Amino acid sequence: MHPKKLSSSEFVAAAGGILLGLCVFLPWYSPNKGNPNAMVAGSREAVSAWDAHMLLRYLFLAAAVAPVILLYIVVRDHELSWPRGELTAVIAIAAFGIIGYLGIIDRPGEPSGEISLRFGWIGGFLGVILMAVGGDARQRHRAPAQATGSAVSR
């Protein structure tokens, strides 16, 4: 084990993963109390991502675990066929797109214009940003030097 190989980028990504994992269980959406027809996941109260998204909740939790796995890989000094942190960054970017879509473009509930975002969504969004930044910094910092340009040998 090599805990000294951990850098701040892994800790940033892990903090983002932990934040996302916690925020899945915090309120994400809240219907307008003034509209008697406004509901999210069959509720007139604020609901979490766990309550609102039957399949995506598992995807969010799996994404939250990715940076923790990165910590384990770095500490154990496992060999990978891709730069460490790259998969964490890709997973975070995918989660960023999904969470952004669900909060900005197509909020769950009816009518969607009467559904407001709560601090759980904001925290989850911030968490995936931290994951992406930490994963990207990790793979950039430790990526093997590659030749630039194309040299043709004769």
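Structural remarks
- Residue list for region 109-132, filter: out of contact with any strand residue (DSSP E or B) (no Cβ under 6 Å at 6 or more places or on another chain) and part of a loop (DSSP other than H, G, I, E, B): PRO111
Residues are listed down the side, and each one gets a yes or a no for (1) closer than 18 Å to GLY21 by Cβ; (2) crowded, with 22+ Cβ neighbours inside 10 Å:
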{"position": "ALA95", "(1), (2)": "yes, yes"}
{"position": "ILE98", "(1), (2)": "yes, no"}
{"position": "ILE105", "(1), (2)": "no, no"}
{"position": "PRO108", "(1), (2)": "no, no"}
{"position": "PRO111", "(1), (2)": "no, no"}
{"position": "LEU117", "(1), (2)": "no, no"}
{"position": "GLY124", "(1), (2)": "yes, yes"}
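- Total residues in region 82-108 satisfying the condition of being within 21 Å of VAL133 (Cα to Cα) and in a loop (DSSP other than H, G, I, E, B): the figure is 4.
- SER81 being modelled with pLDDT of 85 or more, over 17 Å from the mean Cα position of the chain (by Cα) and among the hydroxyl-bearing types (Ser, Thr, Tyr): no
- Residues being β-branched (Val, Ile, Thr), touching a residue at least 60 places away in the same chain (Cβ under 8 Å) and over 17 Å from GLY85 (Cβ atoms) - total across region 1-49: 2
- Put simply, of GLY127, GLY42 the only residue that is modelled with pLDDT under 95 and out of contact with any Pro (no Cβ under 7 Å at 6 or more places or on another chain) is GLY42.
- Matching residues in region 17-48 - criterion: being closer than 24 Å to GLY135 by Cα and either in contact with an Asp or Glu (Cβ under 8 Å, 6 or more places away or on another chain) or not in a loop (DSSP other than H, G, I, E, B) (or both): GLY17, ILE18, LEU19, LEU20, GLY21, LEU22, CYS23
The values are calculated or read from the model by the stated rules, or taken from the named source; none is laboratory data. Computed from a prediction, not measured in an experiment: that's the story for all the values here. A quick note on method: Cβ atoms are made from the backbone with ideal geometry, for glycine too, and the neighbour counts reach across all protein chains shown.
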